[in-house]
Amino acid sequence: MTGPADHDNDPSVPPHSQEDILDALLHGSFPSIRASKADLNQIRATGTLPTQDDGVAPANGNQNTSTTKRVLNKIVETLSFGTISKRRFEFAEHVLLGNTILLQWHDRKKYLAKEQPFKLENGLLVTYGQICALGGDFFAYKEPICFGKDAEDQIQRFTWGFESLSTKKNPKAKELAETFIKQKKDEVKAVEAAAQPGSKVTTDAYYDSFYAKYVAEMLSALTGFFGTQEKAYLGLSLLNLDHFGADARTAYNAGHTAALRKAASSKAPKALEDAYAMNAFADHYLQDSFAAGHLRVPRRKLYSGSLGRFSKDICAHAMHREDNKAGLHVKNPLGEKWVAFGDSQLLGPDNSTNLAKCQAALAVSAAEVFKAWDTAKVPAASSFGAWQHAPTLESALDPANHPPMFNKEGCPRTELLDKTCKTYESMNSLLWTYPTTAVKLLTAKG
Ligand SMILES: [Zn+2]
């Protein structure tokens, strides 16, 4: 059995750590953007900085200060991209999606997932939905699954990621997971209430009120709670390729395969339970594949390697936010057409069809695990039924949708903030384009 250490020298992955992140805030990744100690303390306390735009005059009140603070707020939002960003399927939405499916148990009866918690190897007690939410965003192997050199390597990376939550190989996993779950308790309760038939509360409004609190929590986590061992988790927010487009499909296929193998490995009831727990972790990437902002962002092109650091993350984050909010006309392989929104709009009235399609995919995913346990057979990834229900990546690129902020090559629209603009900047200017584009996005109002 090999371990994650084997990949330590992989030069394809730049190091990201909380030091990188704080460094960006403290010393400034952009010209003239510098966070003072007081600004940082304010972000830690409230998750945001008051600016004149909010009608709150900053302490020393000039326009420059206000712009700087607005930029800092956007940097903080971008840094949290992948864990607590405002416009994505959030923690509680992953929980809700996972907990509302039916799981066929070893007694062959079906139970609501929320009622059947799993006890993981390290003693952590979690529901299917909680694993969906923790998987990928809070726990994962330190490098993307999609960077695995072949299917087996991808499955191994998924398994290491799952074990970082479920086993004592990560000595703090249980404590960390319990902390996250506790922090999110109110959010989960409110989203469950919003999901009740007839409820007028939208998750979007709910998230607006809680967002600041989470930024504050994550920043204190970045600076205090985590030791060196956990650095990898914090890098997830910037290494979130596995949550986008074709790479999210690769990540789910790897994880679903690992779960199916586990299910087929033994007739013991425990094998089915362990397989479901693994599948819940894999379903995170399936759920992401229903969020509009995850379908066509050219995340690999907009990947912050050693060049450009945060500027590409800022570009990816801005496009992801635009698509989630505007929604995209999509189609699945079954020929069904609908409009998908994303991220904190799961329960929005316009997103109900998208929600139903996602639930159908999750039901198929879990049913395949039961079948593998029942028959001791593992189907090929090419036959995984969940993708029949998911939007195709091609449909998101259909010209009926607004032109993407960045095209497949990663080139920005010439009129960056204009959703009707159909022209793009050329490839050869890109090396200097990303930092300039990032500054444009950061300084834009709204
Ligand atoms: Zn995700």
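Rule-based calculations on the coordinates, nothing more; no lab input. Remember, predicted model here, so these are calculated numbers, not experimental data.
Before moving on, here are some points about what is shown:
- Debye intensity ratio I(q)/I(0), log10, the stretch 320-446, q values 0.11, 0.21, 0.22 Å⁻¹ (C-alpha model): -0.54, -1.17, -1.23
- Measuring nothing but how far apart in sequence close Cα pairs (under 8 Å, 6+ apart) lie, relative to its length, the stretch 337-446 scores a relative contact order of 14 percent.
- Of Lys119/Lys172; Lys331/Lys419; Lys149/Lys440; Lys408/Lys440; Lys312/Lys357, those spanning more than 27 Å from alpha-carbon to alpha-carbon: Lys149/Lys440; Lys312/Lys357
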